[in-house]
Each structure stands twice: as structure tokens, then as C-alpha cells.
Amino acid sequence: MSEAKSYFTDEVAELIRVAISEAGGNEVFVTGNVDRNGTVCEARVSARGHRTAVPVIDSAVESAEVLIHNHPSGRLEPSDADLSIASRVAEAGLGFYIVDNDVSRVYVVVEPVPLKEKLPVEESEIAELLGEDGPLSELNPNYEPRDSQITLSMNVARAFNGSAIGVYEAGTGVGKSYAYLIPAALWALRNDDRIVISTATINLQQQLMNNDIPTVRKIVGVDFKAVLMKGRQNYLCLRRYAEAVRERDLFEDEAEELATIGEWAETTADGSRSDLSFMPKESVWSRICSESDACMGVRCADHERCFVMRVRKEAASASILLVNHHLLFADLEARMGGVGYDDTAVLPPFHHIVFDEAHAIEDAATSFFSEYFTRFKLIKQLSILYRVRRGAVAGHLLALERLSSASGEVQNAMAASNGIKDAYTVLEDAALLLLGGEGSWRLSDATASGAVGVLEAMGFLRKKIAEFTGVVREVLEGVAEEDQNDPVVWESKFALRRLEFAGSLCLNFTEWAERRESVFWMERLRQRDGVPYPRFVQTPLSVAPMMREGVFEPFSTVVCTSATLRIGKRFDYWLHRIGLDLVEEERFCSGVHESPFPYRTNVLFSIPTDSPLPEEPGFQEWVQTAVVSLLQASAGHALVLFTSYEALRGACAVAREALSPLGITVLKQGDDDRARLLESFKSDEESVLFATDSFWEGVDAPGDALLHVIITKLPFRVPSDPVHAARSEAIEASGGNSFMELSLPEAVVRFRQGFGRLMRRKTDKGAVTVLDRRILAKRYGRIFIESIPETRQCFEPLAEVLPRVERFLYN
């Protein structure tokens, strides 16, 4: 027992006394922070209780260094509950104090661990490392000083030093990877800290891991540890693999593939799917990959050999973690769900994030936090529990029948599973009827009256799922304690959770009117045999609240960088979409770091002035003819970008017929997987690649392989896209202009990404031709032009554009 004045400033002691008095002398929970002398100098009242208890508020704990509460009885010895909480928070270095109501005495259960003073990364040091006489110049024989890179790296260092949120647009060629890796590595090393670097594409992850980080180690002169982490579904689960082998009836068509995977599992270094020499069927891999819901943790017989545990152990001692945006959001979901920010979730604890390819954050978050189900997802989980194939009954229910004292319910469960299938058939028929000939449909005030049949079918399916899962849970409850760790029990619980999730999604659909923060929609997909089936989806209307709560508020440093964050000359659109427009002004900093590439001399930007507008008759036919002529002018060497696969298909057919006699190979998206298609394109320098969607970004083909980028149409999102339509309606409802605030900015970002495919190194030279005359005819077109670097221009009829392109490339 000690005198409180030795541990509290007078102001803090008085604040706690007043709070206790105002609470009627009952228990009060207070969080505090200490100064360099260990004295509590700041305090915040977080909760009030009764004479013997008070709630501990986890969200308040996250920013505290010491937890304080009073014992009204005057006896300050800790209770068992006190000791339990003190032990838990001590793991995070927090102190735990108990005071009397007068705050004259204090019982120090746990002393707070003094915070180590953070050592800054000096900006002058960054300049030396990247400057003309620094180690980078010695390592790179083609070194040229890049002022924009040095300035960007100094800004990133400033963000780490000041616990700031930094948003930096860095044009192609700035060298942004080194610009953030160097200060991140120095900060992590000096402060025994961990930095997470999140990217949108696996190509960038591999570049960072295999090329950039090894070089940065040499630049900073220290061999720091970096680990590339993948989602756990990328890793083989040895326990699930063994079960799949035992239940061969489920995979009798894939027996050979399973055997090959088994041989590979004995020698693989990391157990990840990318380490396989072939791509396994999704039906096989989904049954044997690691799943968080099915993980038995330390109870698993294969825990010591577990590939996921192995990479997590490596990550726990790493200074730099490389992840993709989806994996980061999985970690953040767990932290926001109760894990907190000081413990291990999907990733080990960290307090600093660098988002590269930050323009993709909204799409990645939208995708991750969308939930869906289809017939196949339901049947997959039902089949784990009960299935009949060629007259033979199989599934975990048979094993549970032997383990459970409630085995009599198993037959009821089997019968109930058929009820789910019947109910889903009714829902599927109603959904396809409602979709009609459309590819997608959204539930809204305008469409709800026509959705009665679908919503009733949703409610009925939810009821049947509840009946089935209720019976299976009774069977599981009858399993003896000593059998609870049987893998069959774990897998059965996993399947049940997935089924119950589908039931919850059905409920959300039926309650859509009370869930305006979500978009409820469905789309028509097709099986390989062409048979249509619906997919039911719930998508967040906005990711901004989640980004504010889960990223920008709790993390010390957040750095966001990309080549395409601005619209025109402003960041406003991107900041608003991801929730940064409301961040504290003193924490926010931004900057623009222009590309050092010679766009003014090395790029010709052309727009034929005699093209029909996209909405006019004959536009598609004109595009098909113009594309062939432009490809002849550049002798191939081109990437042709479309906004729809239908338009791509028609233009590609015309081009193949015209160009094949000239020896120009025409490659089309969908003819092969993305990686092999790009490799073919780069290796055959005269080839042309017709592509859409993901090929607007991530294509890196420097040199003569890509001399000409043809953009056939401005990349506006289809207005009928359900999520886009819902977000547009929300903007209009709040008094905004959805075209100027959403449709146009989205299109400009995608346009900038497409334009950026051309110049990948300083010596590159080429042409970008846009066949959509709206860029000149519409007032908004200037925003597209203002958003790209200054280039040579040719805004003339096509007959004049063609020779200009040819002369520019080959004279």
C-alpha cells in the first residue's frame, strides 16, 4: 500500500475523487497515462458501476497506459477478478492500480512498463542513402538521382516520426517502393517495431519480396527480417488432407490429384498452393486447405507440422510483413470484432501500415466485406455432413451417429437436409424468374414490390436451415467430452457455421429495409454447361466508416501511396470514398511526387476527332475498323483496352482476320490465364493484346513489347451495376451529383491506370490513342486530360492520326 500522491498528479487525483463522488461512492473505472517519472498525469473516466464491480471498457484500454478503479470498502487488496484483468493487461505492458474513495492510498497490482522513447528516422539520413553519393548509387550502375523519390521518402519518414496519416501520389518511375521501404525498415529496426505493407496485386508483392527488400537491406546496411504472408486458404491443412484421403468417395474423380498433393506435402517448403507445380481443382483445394473456422489450434495432431503456424511463427519475429489488401482486411475485421490492436489476430500485432496501390483500397474493402451464397456453397456444406452418391450414404453425420448419445436425431437431420435443397430450388427458380434477361438485380424501394416471391423463399430457406442445424447441434451436444476434439466434430461445427451464415444472410435480405447501410442484390451466373444460377450478395454501401474506425483512428502511422489518387489536381474524391475527409487535420499530410519520365517528348496522345460518339449508331463498327488501322500503324506492339467483353470479342475477331496475314499475333483475354497471356505478349514483341477489366492495371511490359495503348472507350462503370447504382442513389438523396461525385472520378482513376500501362521505364517511347470523342466533346472531358502527364498531342481526324502515330514510333 502506498500514498496516492506518489503516483498521481494533484489534478488527476481530484478528477478521480470527483468522479467517485458523482457516482455515489460506487466503483469507477478510469484509464490513465503516465509521464517520464511514472506519475499518472492524464486520466479519463470510462465507466461507473456499483459497490463491488465496474465494467472494463476495452476500447478505452487501447489508448491507456494504466487502469485505475476504486474499492468503496477501503480494502484495496485485489479480488480474483481484479487479478485476472491485471494479468491480461500486463501482457500489453499496462499498469493496474486500486485506490480508495479519497484517492489517498493506492495498491499497485501491476506497474506499467515505461514506454520506450521512439527514435526518429532523420530526413537528412534518407537524403544521404538515396542521394548521389549514397549506397543506392553504388548498388545501381544505372543510378540517376530522383528528387521526387528522395522527397517522397522524407515525407514517409516524417509520417512515421509524427504518427501521421500520409497520402502521397507518386507517378510512374518515382521509385516509391524504395521511398517507403527505407524509412519503414529504419523505423522498425530502431524502435523494435513492426510495419505492415499492403498491396493490391501479387505481382507487386513478389517484386517487393524478391527484388526491392534485398536491395533495401544493402542500402540500410542491416539484414532485417521480412515475411510474405498469404491468406490461410492458400496453405494446405494436413489434417483436412488426411480426412479427404479417408473419405475418397467425395473426391473419387480427383484421386490422382490428391495423391500428387500428398507427395508434394512431404517436400514443400511452405505448403502454399503457389508452390505446387500445377493448379489444383478448386473442388479439391477447398476441401484440404486451411480454414480459420475449421482450425483446431493446439488440439490438432498436426499442430507442430502446420504450415500456417509455421508462417505465423516467422511473422511474429519479422520487422516487415507483406500482405495483400484482402488479408489485411481479414485481420482488421478480427480486431474490430473484439481481438483488439495489441494481440495477435490474423497477423501479429502492429501499429503502422503502408498501403501501396492505395487507389484499390475501396474496391478491395468492398469485395472483402461483401457476403454471398449460391447453391454450390450450400451443397458443399451439406455434403460434408450428409450426401448420397451412387446409392451410398456418406458424410460426418454417420460418424457422429457413432459418437453421440443423441444418435437417434441423425435420421431427422438427414431428412431435414433434403428440406434445405427443396427450399433452395424454390428460391433459385424465383430469383431467375425475377432476373429475367438481366445480368443483375438490386433490392430497393423501387423494386421491392416485385421481390415478394424471392423474399418469401428466402424466409422459408432460412427456416429450413435453422431446422437442420438445430437437429445437428442436438447430435453434437450428445458427443462426450473426451470426443469433442475428434476432427469429425470440428469439421461438422465448421459446416454448421457456414450454413447458419447463409441463414443469417437470408434474414438480412428479408430485413433489407432496416439495413440501409448495405446493398442487397443478386446476379445471374452460368455453370460450365451454360445452365444459369443466381448468386445472392450483401455489400456495404460505404467502406468509409469501417476505414475510419478500423484503420485511421487506431493505428499510429498510415501511409497511402499510388500513382493514381487524384482527380484533376485534387485528392478530394479518394479521401471521401475511404473516410479520410473527416480525419483530424493535424494528423493528415499529403503530397504529389511527379514522374521523372519524359512524357512531353516520349508520348504521343491522340484522339481522332471524326469518330462517332459511343451512343451514336455505328460506333462499334467504327472502333473495329479504327483499331485495325492503328495496329497496322504501330505494326502491333499494342495493348487494346475495352470496357466490355462483348465489344472486345467483336473487335478481336475483325483484327485477327486482318492482321494474321501480316504476321501479327492477336492475343485475347480469356484465351489463357492472365500470367501466361502476359508472358506471351511480352515475349512476342509484335503481338497485340485485347483485354478488359483487370488488364487496365498491373500490366508491366517495358521496352518494344508495348509501344501503343489504345483505349476504345472511356471506362465509365455500367450504370446498372447494383452497388454503383445504390451508391449513386445515396449521393443524390443527400443532395449531391452522382455523376460528378462518383461516376466521373471512378472513370478518371481507371483511365489513368490504363494510360499508365505505356511508360514503364525512362527510355520507353510510345503512343496512347483514345477512340472515345467524349473526351473532347463533353465539358467533363478536360478532367481526363488534366489528370494525365503533359504529352505531345494529336487531336485530328483518324486519317491524320495514323501517319502521326507511325512517324512518331519509327522515325
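The values are calculated or read from the model by the stated rules, or taken from the named source; none is laboratory data. Here the structure is a predicted model, which is why all the values come from computation and not from measurement. Counting neighbours? That spans all protein chains shown, and the Cβs are built from the backbone with ideal geometry, glycine included. What goes into the accessible areas is simple: the full protein's heavy atoms, side chains included, and nothing from ligands, DNA or RNA. Shrake-Rupley method; radii C 1.70, N 1.55, O 1.52, S 1.80 Å.
Coordinate range of the alpha-carbon atoms in the stretch 691-811 per principal axis, descending: 55, 30, 22 Å. Across 566, 761, the residue with the most accessible area heads the list, and the full order at a 1.4 Å probe is 761, 566. Within the chain, DSSP assigns beta bridges of which about 40% are antiparallel (rounded to the nearest 5).
The HN-Hα couplings worked out from phi for the stretch 297-312 by the Karplus form 6.51 cos²θ - 1.76 cosθ + 1.60 (θ = phi - 60°) are x, 5, 6, 6, 5, 9, 4, 5, 9, 4, 5, 5, 4, 5, 6, 5 Hz, whole numbers, x standing for Gly and Pro. Centroid-to-centroid, using Cα positions, the stretch 749-784 and the stretch 611-663 are 17 Å apart. Given a 1.4 Å probe and the protein chains as shown, residue 643 ends up with an accessible area of around 50 Å². The shape of the stretch 82-206 can be summarised by an equivalent ellipsoid whose semi-axes, obtained from the alpha carbon gyration tensor, come to 44, 16, 13 Å from longest to shortest.
Which one of 241, 694, 353 is farthest out on the positive end of the charge dipole of the chain, using unit charges on Cβ (Lys, Arg +1; Asp, Glu -1) and the Cα centre as origin? Farthest towards the positive end: 694. Close amide-amide hydrogen proximity is noted between residue 640 and 689, 690, 691, 710, each under 5 Å apart and 5 or more residues distant or on a separate chain (H modeled in the peptide plane; Pro and chain starts excluded). Solvent-accessible surface (1.4 Å probe) assigned to residue 225 amounts to roughly 60 Å².
One equal scatterer on each Cα of the stretch 537-663, no solvent, Debye formula: the resulting log10 I(q)/I(0) at q = 0.09, 0.14 Å⁻¹ is -0.53, -0.89.
Ranking 611, 734, 283 by solvent-accessible area of protein heavy atoms (1.4 Å probe, all protein chains present), from largest to smallest, gives 734, 283, 611.
Under 5 Å from the amide H of residue 46 lie the amide H atoms of 29, 30, 31, each residue being 5 or more positions distant or on a separate chain, with H modelled from the backbone and absent for Pro and chain starts. Using C-alpha pairs under 8 Å with a sequence gap of at least 6, the mean separation divided by the residue count of the chain gives a relative contact order of 12 percent.
The GluC sites (Glu not before Pro) of the stretch 455-522 that DSSP puts in a loop, and whose beta carbon has at most 15 other beta carbons within 10 Å, are 511, 517. Eigen-decomposition of the gyration tensor built on the alpha-carbon atoms of the chain gives equivalent ellipsoid semi-axes of 48, 39, 27 angstrom, largest listed first. Taking the Cα centre of the chain as origin and assigning +1 to Lys and Arg Cβ atoms and -1 to Asp and Glu Cβ atoms, the resulting dipole is close to 1520 debye. Leaving out ligands, DNA and RNA, what percent of the accessible area of the stretch 330-415 is carbon and sulfur, probe 1.4 Å? C and S fraction of accessible area: 51 percent. For the stretch 584-647, GluC sites (Glu not before Pro) meeting the loop criterion (DSSP other than H, G, I, E, B) and having at most 11 other Cβ atoms within 10 Å: 584, 615. The heavy atoms of residue 533 present about 30 square angstrom of accessible area, all protein chains included, probe 1.4 Å. Positive-end ranking of 434, 186, 278 along the dipole of the chain, with charges on Cβ about the Cα centre, is headed by 434. Taking the Cα centre of the stretch 265-345 as origin and assigning +1 to Lys and Arg Cβ atoms and -1 to Asp and Glu Cβ atoms, the resulting dipole is close to 140 debye. Shown are 539, 260, whose ranking by accessible area with a 1.4 Å probe and every protein chain present, most to least, is 260, 539.
Using the Cβ-Cβ distance between residue 777 and residue 201 with R0 set to 41 Å, the FRET efficiency works out to roughly 0.75.
Between residue 590 and 167, the built amide H atoms are under 5 Å apart, and every one of these is 5 or more places off in sequence or on another chain.
A crude spin-label estimate for the pair residue 553 and residue 763, with each label 7 Å from Cα along the Cβ direction, gives 5.3 nm.
The stretch 226-301 and the stretch 693-721 have their alpha-carbon centroids 36 Å apart.
In this structure, the pairs whose alpha-carbon distance is over 22 Å, taken from 176/569; 176/762; 118/225; 281/313; 668/762; 218/762, are 281/313; 668/762; 218/762.
Measuring nothing but protein heavy atoms, the accessible surface of the stretch 130-268 at 1.4 Å probe radius is 44 percent carbon and sulfur. For the chain, the solvent-accessible area with a 1.4 angstrom probe is 44 square angstrom per residue. Could you name the lysines whose alpha carbon sits less than 23 Å from that of residue 421, not counting residues in the same chain fewer than 8 places away? Counting by Cα, and skipping residues close in sequence, residue 421 has these lysines nearby: 377, 380, 463, 464, 493.
So if I take the centroid of the Cα atoms in the stretch 87-133 and the same for the stretch 432-454, what is the distance between those two points in Å? If you average the Cα positions of each part, the centres end up 56 Å apart. Overall, the accessible surface of the stretch 14-117 at a probe of 1.4 angstrom is composed of carbon and sulfur to the extent of 49 percent. Mind running the shape call on the stretch 293-345? Use the C-alpha gyration tensor, a ≥ b ≥ c as the square roots of the eigenvalues: rounded below 1.5 for a/c, prolate if a/b tops b/c, oblate otherwise. Since a/c reaches 1.5 but b/c is at least a/b, the shape of the stretch 293-345 is classed as oblate.
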